[in-house]
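Encoded as structure tokens, the structure appears first; notes follow it.
FYI, it's all coordinate maths here, none of it is from the lab. Keep in mind that what you see is a predicted model, and the values were worked out from it rather than measured. Positions of Cβ are backbone-derived with ideal geometry, glycine not excepted, and every protein chain shown enters the neighbour counts.
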Amino acid sequence: MTAQQAGKVVLMLLTAWPNAKVERRSAQLYEAVIQPLDFEAAQAVVMELISTCEDPFLPRPATIRRLVMERCRALDGRAVLTAEEAWLLVQARIQNGGYYTGGVFAEPSIQRAVTAIGWGELCHNPNVEATRGHFLRFYNSYRERELKEEMLTLGGPADVSALPDLRNES
């Protein structure tokens with residue numbers, strides 16, 4: 001998005017949270033972090049936050065970036081699965097052929113969790129609840145790492161060259 005569009009998105013936030021005490025340089029930082037994102041997606045996310053967020057505090061730029069990323073992934077058919085949804089996919093694979101179908105999944109976080117536990121262990125361990133618990137923890141950990149990496153690269157790097165030098169300000 002353009003700098004003007006980023007300013008519009010930040011203005012939407014500041015208008016919806018009028019009690020937020022935001023200095024100009026903080027608004028500029030918000031603009032720099034939001035600018036690499038898709039304008040329509042960012043605007044839609046901010047409208048969703050305005051409509052649904054009851055928190056009295058201004059949403060952080062990271063929250064906006066994460067929600068934009070999730071929206072873009074959903075539109076691309078790559079919606080972020082919950083750990084339970086991922087577990088159901090693994091269980092379906094086990095029930096539809098078991099060990100011999102192999103433990104290969106297109107979703108990287110599922111694949112990493114399956115590899116960490118072992119496909120044979122997932123298929124043959126009689127303590128399904130314990131195995132499920134391990135899978136959920138592994139999957140959540142890998143998914144969070146993957147989402148953070150994607151969030152950092154979403155839309156390219158933020159241009160901080162236009163920000164004021166904060167070292168000399170008190």
Review point. From the phi of every residue in segment 30-44, what ³J(HN,Hα) in whole Hz does the Karplus formula 6.51 cos²θ - 1.76 cosθ + 1.60 yield, where θ is phi - 60° and glycine or proline is x?
Key: 4, 4, 5, 6, 7, 4, x, 7, 5, 4, 4, 5, 5, 5, 5
Point to revise | Residue-averaged [θ]222 nm for the chain, counting only DSSP H segments that reach four residues, each worth -39500 (n - 2.57) | key: -20500 deg cm²/dmol
Practice item. For segment 1-90, state which GluC sites (Glu not before Pro) are in a DSSP loop and have at most 13 other beta carbons lying within 10 Å of their beta carbon. Key: 23, 54
Study note, to complete from the structure: Extension length gain for residue 104 and residue 4 (0.36 nm per residue less Cα distance), in nm, is 31.5 nm
Check your understanding: On a 0 to 90 degree scale, rounded to 10, what angle separates helix 61-75 from the longest Cα axis of the chain?
Key -> 50
Practice item. Report, in debye and to the nearest 20, how large the dipole of the chain comes out about its Cα centre when Lys and Arg carry +1 and Asp and Glu carry -1 on their Cβ. Key: 180
Exercise for review: Choose one of 50, 115, 90: the residue whose Cα lies farthest towards the positive end of the charge dipole of the chain (beta-carbon charges +1 Lys, Arg; -1 Asp, Glu; about the Cα centre).
Suggested key: 115
Practice item. Could you point to the label whose value was computed as Rg/Rh (Cα atoms, Kirkwood Rh) for the structure here, given (1) 1.02; (2) 1.12; (3) 2.02? Key: (2)
